[in-house]
Amino acid sequence: MSKKYAAFITALFCVFIFGFGAALLISPDRDFSQQENRYLAKFEAPTLSTLKSGEFMKDFEQYVIDQFPLRDGWIQLKAWCERLVGKQENNGVYLGTDDGQTLFAQYTKPSAEDLARRVGYVNQLGANVDVPVYFALIPDKSYVWADRLPDRAPLVDDGSTIQESMDLTGEDVTYIDLRDALSGDDVFYRTDHHWSLFGAFQGYEALNQAMGVETVTPEGEPTRVSDSFYGTTYSSSGAGWVKPDEIYTWVSEEGITVTAYPKGQPEPGVLYDKSYLEKKDKYSMFLGGNKPLAVLENPQAQGGKLLVIRDSYSDALAPFLAQSWQEVHLFDVRYNLNSVQQYVEENHIDQVLVLFSASNFSTESNLFVMGR
């Protein structure tokens, strides 16, 4: 290696280190990453306590990582490089065989003991109330679209979590198997973990059939409200080549009243909050995002009062349910720790549906609320 070449490499290294270091100091900190859909670490001044404990260096390292200049571009560059060398996974996301257009979050199956504990809370709910209780898990995208998975992808949903949950379900609860209910090229978002409007409708048909309630097909055709949706799986993947998803609505808001309880007190809600279509989190257009409790009322519906113990998948499902039930109560245990048994009694609920995605049911820490 010549001296000139060595000097060039050294100078290039110094420019890279000190240049990006200076850019980090000069550039204003970002609060939120649209690419990753999360808040970024901010600089915290050191104290004697944090210096002694090592917390300052730990936090400072995360700050540098989060605020590194051109961070979003580096994330996408890494994903491109991984793809070019033939890797089919990046940052815990599998790249689909459809030229990487479908993204799969890795699925971790719970242990047998953990799953038995979780289903036990559902069984306890069934024993505590005097109304029919139904239980269903929504299969993961990696189960429904297994043909798009890369070969030998290890962390995927093989259907066994649902089968074991069905086997563990007690006599006071009726299990509804949704594994064969979802099919087609549009039942999930390619860039997100949620089911789409079309997947939610197929789930609605299967759930209503099992609960003995008539399915109502909405009038007209689904309406596309966005063609630029990138979901949470995309945010983790760095896969900048992926095309955006489309979001549709179908059920009319006419005749359906929504009451939300974001802070414990009733407030007027909406079936669709279209202000979210201008934001990164476009899926929150359905019902305006996560809430501890929301109640949908439709006096023209044939069914009675349905309580849904749910996760965010029910946001897209709720408009369909509101066509069949006079009242749909959406109870989110992530934010609502009140007694489910007491809620059923006080609100004269006719049927209870426990509905989670298989992935969320395997990780949710507040399922114990169902046993209260």
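Quick notes
- Cross-link table 58/274; 263/305; 109/305; 87/109; 58/279; 109/274, entries beyond 29 Å C-alpha to C-alpha: 58/274; 109/305; 58/279; 109/274
- Total formal charge among the other residues, if their Cβ is under 9 angstrom from that of residue 161, Lys/Arg +1 and Asp/Glu -1: -3
- Amide H contacts under 5 Å for residue 174, placed H, 5+ residues apart: 133, 134, 135
- Taking Cα centre as origin and charging only the Cβ of basic (Lys, Arg, +1) and acidic (Asp, Glu, -1) residues, the dipole magnitude of the stretch 147-189 rounds to 180 debye.
- Taken one residue at a time, the phi angles of the stretch 143-159 give Karplus couplings (6.51, -1.76, 1.60, θ = phi - 60°) of 7, 5, 10, 4, 5, 9, 6, x, 4, 6, 5, x, 9, 9, 7, 9, x Hz. Gly and Pro are set to x.
- When +1 charges are put on Lys and Arg Cβ atoms and -1 charges on Asp and Glu Cβ atoms, the dipole computed for the stretch 80-199 relative to its Cα centre reaches about 380 debye.
- Once the Cα-Cα distance is subtracted from the 0.36 nm per residue extended length, the residue 99 to residue 248 segment shows a gain of 51.2 nm.
- Taking amide H atoms as placed 1.01 Å from N in the peptide plane, the amide H of residue 303 lies under 5 Å from those of 325, 326, each 5 or more residues away in sequence or on another chain.
- In order along the stretch 111-127, phi translates into HN-Hα couplings of 5, 4, 5, 5, 5, 4, 5, 5, 5, x, 5, 5, 4, 5, 4, x, 6 Hz, rounded to whole numbers, per the Karplus curve 6.51 cos²θ - 1.76 cosθ + 1.60 with θ = phi - 60° and x for Gly and Pro.
- The residue 114 and residue 334 beta-carbon pair, evaluated with R₀ = 22 Å, returns a calculated FRET efficiency of approximately 0.75.
- Residues of the stretch 280-372: accessible area per residue with a 1.4 Å probe, Å²: 30
- Note, ³J(HN,Hα) from phi for the stretch 174-189, Karplus 6.51, -1.76, 1.60, rounded to Hz, x at Gly and Pro: 9, 8, 10, 8, 9, 4, 9, 7, 9, 7, x, 7, 10, 7, 10, 7
- Proximal aspartates and glutamates to residue 280, defined as alpha-carbon separation beneath 16 angstrom and excluding residues fewer than eight positions away on the same chain: 31, 36, 72, 192, 227, 245, 246
- Once both labels are positioned 7 Å from their Cα atoms along Cα-to-Cβ, the gap between residue 363 and residue 279 label points is 2.1 nm.
- Between residue 290 and residue 183, the contour length at 0.36 nm per residue exceeds the alpha carbon distance by 35.9 nm.
The values are calculated or read from the model by the stated rules, or taken from the named source; none is laboratory data. Model, not experiment: these values are computed from the prediction. Cβ sites come from the backbone with ideal geometry, for glycine too, and all protein chains shown count toward neighbours. Remember, those area values only see protein heavy atoms, side chains included, never the ligands or the DNA or RNA. Shrake-Rupley method; radii C 1.70, N 1.55, O 1.52, S 1.80 Å.
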